[in-house]
Amino acid sequence: MSTDWSPPEKVTLGEVKINVEDIEPILRGLESPLLKVEYPAGYVNLPTGEKMVIRRAKKEEAPVVMQTAMKLFNHDTDFFDLVSSRVYAEFLGWYRSRMKDHVSLLGIINGELAAIGNFRLWDNDVAISLHTLTFKRRAGIGATMYAAKAEYAFDLMKMKEWWATYESYTGFRYWGIKYAQYQKPYPQMQHELGGSRIFFTTKDDWDRFVKPMLRDRLPIRPAPPELLRTAERVVPPREVEV
C-alpha cells in the first residue's frame, strides 16, 4: 500500500484552513423543532405545605444547576455522587451546545432550586430519560419531577416511547417497577447512561394507567401569577438535603 499522500494533481493552495465557525454547525448538530413545544408552568402542593413551581429551564440557568450538583459530589450514599456528576456533565454539555436536544424542568420553591428532571430527544418518537435529582428530601419531589417530564414528552411533544435506566434502587422501585416498564433486548440495545438496560413506557401505557395513577402528582395549571413570579429567577438552595 502506497504511503505517498502527495496530491495527484497540481493544486493552487498547499494548505487549506478551516474557520471554526464552519465546523461548529457540524459539531453542534441540528435542533429538533419539538424543542419549540412550550411547557406551561404549573405547581404542586408539597406535604410540607410549600408550593413548588415546575417550569422549563433556560439554557443560561445551567450554571445554577451545575453549582448545586457540585454540593452532592462527595456524598457516597444512594448514588448521589454518581448522579450529581452525570447531571453536572449533562448540563455542561447543554450549556456548551454539545448535547443533542436536551430538555430540563426545574422545581423551584421560593426562588430556590429544589429539583431537576431532564431528558433528551432521540428522534421524533423516542425521549431518553436522563436524571431526576432532588435537593430537598422527603417531600415527594422526585416522583413529581419524573411524572412532569414524562408528561412533557408524551402529552406535549407526542412521543411514542420513553426510555429510562436506573442507577439507584429507589429510582428503579418508584418508576421501573411502579410504571410496569418493559425492557428492550439486552445487550443488543443499551441505554446511553453506562450501557445499562433500557426500561421503557409506551404512549398507550402512559394514557391507559400511568398518567391516571400519577394524577395527584402532575402540575396544577394555571399557576397563580404571583406564584410564578417567585420562580422567574432561580438561585442555588442554601442547603442541600441528602
- Note on the structure: Expected single match for more than 13 Å from the chain's Cα centre (by Cα) and part of a strand (DSSP E or B) among PHE154, PHE172, PHE200, PHE119 is PHE200
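Residue-by-condition table, conditions (1) under 30 Å from ASN45 (Cβ atoms); (2) charged (D, E, K, R); (3) surrounded by 13 or more Cβ atoms within 10 Å (Cβ to Cβ):
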site	(1), (2), (3)
ALA127	yes, no, yes
LEU130	yes, no, yes
ARG137	yes, yes, no
ALA147	yes, no, yes
ALA150	yes, no, yes
LEU156	yes, no, yes
THR165	no, no, yes
TYR174	yes, no, yes
GLN183	no, no, no
- Message: Looking only at segment 203-217, filter to residues that are at pLDDT 95 or above and either surrounded by 15 or more Cβ atoms within 10 Å (Cβ to Cβ) or under 18 Å from ALA41 (Cβ atoms) (or both); which one of those is farthest from the chain's Cα centre (by Cα)?
- Response: ASP205
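Okay, residues lined up against (1) more than 25 Å from ALA223 (Cβ to Cβ); (2) in contact with a strand residue (DSSP E or B) (Cβ under 8 Å, 6 or more places away or on another chain):
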| position | (1), (2) |
| --- | --- |
| ASP101 | yes, yes |
| SER104 | no, yes |
| GLY107 | no, yes |
| LEU113 | no, yes |
| ILE116 | no, yes |
| PHE119 | no, yes |
| ASP123 | yes, no |
| THR134 | no, yes |
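On the basis of being under 30 Å from THR134 (Cβ atoms), in contact with a Ser or Thr (Cβ under 6 Å, 6 or more places away or on another chain) and surrounded by 17 or more Cβ atoms within 10 Å (Cβ to Cβ), does LEU72 make the cut?
Values: under 30 Å from THR134 (Cβ atoms): yes; in contact with a Ser or Thr (Cβ under 6 Å, 6 or more places away or on another chain): yes; surrounded by 17 or more Cβ atoms within 10 Å (Cβ to Cβ): yes.
Considered against the rule, which asks whether it is under 30 Å from THR134 (Cβ atoms), in contact with a Ser or Thr (Cβ under 6 Å, 6 or more places away or on another chain) and surrounded by 17 or more Cβ atoms within 10 Å (Cβ to Cβ), LEU72 comes out as yes.
Across segment 125-161, what is the total count of residues that are among the basic types (Lys, Arg) and modelled with pLDDT under 95? It would help to see each step written out before you state the result.
Let us first name the residues in segment 125-161 that are among the basic types (Lys, Arg), namely 136-138, 149, 158, 160.
Narrowing the set further to residues that are modelled with pLDDT under 95 leaves 136-138.
Number of matching residues: 3.
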- Task: Please list, ordered by first then second residue, the pairs with beta carbon atoms under 7 Å, 6 or more apart or interchain, first in segment 94-113 and touching a residue at least 24 places away in the same chain (Cβ under 8 Å) and crowded, with 23+ Cβ neighbours inside 10 Å, second in a strand (DSSP E or B) and among the aromatic types (Phe, Trp, Tyr).
- Result: VAL103/PHE119
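How many residues does segment 218-242 contain that are more than 21 Å from the chain's Cα centre (by Cα), of a type in the set (D, E, K, R) and in a loop (DSSP other than H, G, I, E, B)? Walk me through it before giving the result.
First pass over segment 218-242, keeping only residues more than 21 Å from the chain's Cα centre (by Cα): 221-230, 238-239.
Next, only the ones that are of a type in the set (D, E, K, R) stay: 221, 226, 229, 238-239.
After this cut, where a residue has to be in a loop (DSSP other than H, G, I, E, B) as well, the list is 221, 238-239.
Number of matching residues: 3.
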- Given the conditions (1) in contact with a Phe, Trp or Tyr (Cβ under 6 Å, 6 or more places away or on another chain); (2) more than 14 Å from GLY42 (Cα to Cα), and given that LEU121 satisfies all but one, which numbered condition is not satisfied? (1)
- Message: Looking only at segment 7-55, filter to residues that are surrounded by 10 or more Cβ atoms within 10 Å (Cβ to Cβ) and among the β-branched types (Val, Ile, Thr); which one of those is nearest to LEU156 (Cα to Cα)?
- Response: VAL37
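The values are calculated or read from the model by the stated rules, or taken from the named source; none is laboratory data. Given the structure is predicted, the values throughout are model-derived calculations rather than measurements. Cβ: placed from backbone, ideal geometry, glycine included. Neighbour counts: every protein chain shown.
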